[in-house]
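The values are calculated or read from the model by the stated rules, or taken from the named source; none is laboratory data. Keep in mind that what you see is a predicted model, and the values were worked out from it rather than measured. Positions of Cβ are backbone-derived with ideal geometry, glycine not excepted, and every protein chain shown enters the neighbour counts. The protein model used for the area step is the full one, side chains on, heavy atoms only, and it has no ligands, DNA or RNA in it. Shrake-Rupley method; radii C 1.70, N 1.55, O 1.52, S 1.80 Å.
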Amino acid sequence: MGSLLAPLTDPGRIPPLKAVVIGVLLLAVPLAWWTILRLAGTSVPAPAPSGLSMTLIVVAALVVAPLLETAILLVLHWLMVVRFGADRSTFVLAAVATAVVAHLPLTLVRTPVTAAIFVVFALVYAGWFASRGWRWAFLGAALAHATYNAGSLALSPVFAWLLRPA
């Protein structure tokens, strides 16, 4: 199983570039899931307006969320793996559960995407930590997350079309 996960858990020769590639590739998750929902004729309720400025949305998506959520991964990893000796799979499950709870309410549209991308972020963090230490692990997970969020903002017209009310 370790070799199957190596594309995520091994930082490679150029870790920042690898993190960006992981973030870009993660955009396939919402594209695939929301396409499936659209083709299945799933009725998605219209989103409520956020009330936040576009500047605040962009800063939150590109800076605050990646740093804050990766800091939570760092603390969770330190507690579970470093301090109490849990294995990587237990850490990944706890990280995904934490992410899903942080992104309540549970919805058919958002929850599977959140779970899938946080499996990847947790695997990146745990693998890169084992290989290069917490600084590279933090950088890898945060950069992959920020890249994913930037791509999500760029693809928001496509996502809005896929998720338009049926």
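How large is the translational diffusion coefficient of segment 73-165 in µm² per second when you combine the Kirkwood radius over alpha carbon pairs with Stokes-Einstein at 37 °C and 0.692 mPa s? For these conditions, the coefficient is 232 µm²/s. Rg/Rh for the chain stands at 0.98; both radii use Cα atoms, and Rh follows the Kirkwood definition. The H on the amide N of residue 44, modeled in the peptide plane, is under 5 Å from the matching H of 166, each at least 5 residues off or on a different chain. Calculate, for residue 17 and residue 104, the FRET efficiency according to 1/(1 + (r/R0)^6) with r their C-beta to C-beta distance and R0 35 Å; round to the nearest 0.05. Computed FRET efficiency for residue 17 and residue 104 comes out at 0.55. Scanning the chain for DSSP H helices at least 18 Å long along the axis (C-alpha atoms) with a Kyte-Doolittle mean no lower than -1.0 picks out 88-102, 111-132, 134-154.
Rolling a 1.4 Å probe over the protein heavy atoms gives the chain an accessible area of 55 Å² per residue. Peptide packing: for 43-52, 79-88, the average count of neighbouring Cβ atoms within 10 Å per residue gives the ranking 79-88, 43-52, highest mean first. Of the solvent-accessible surface of the chain, computed with a 1.4 Å probe over protein heavy atoms with every protein chain present, carbon and sulfur atoms account for 75 percent. Net charge around residue 18, counting only other residues with Cβ within less than 13 Å of its Cβ (Lys, Arg = +1; Asp, Glu = -1)? Residues near residue 18 contribute +1 overall.
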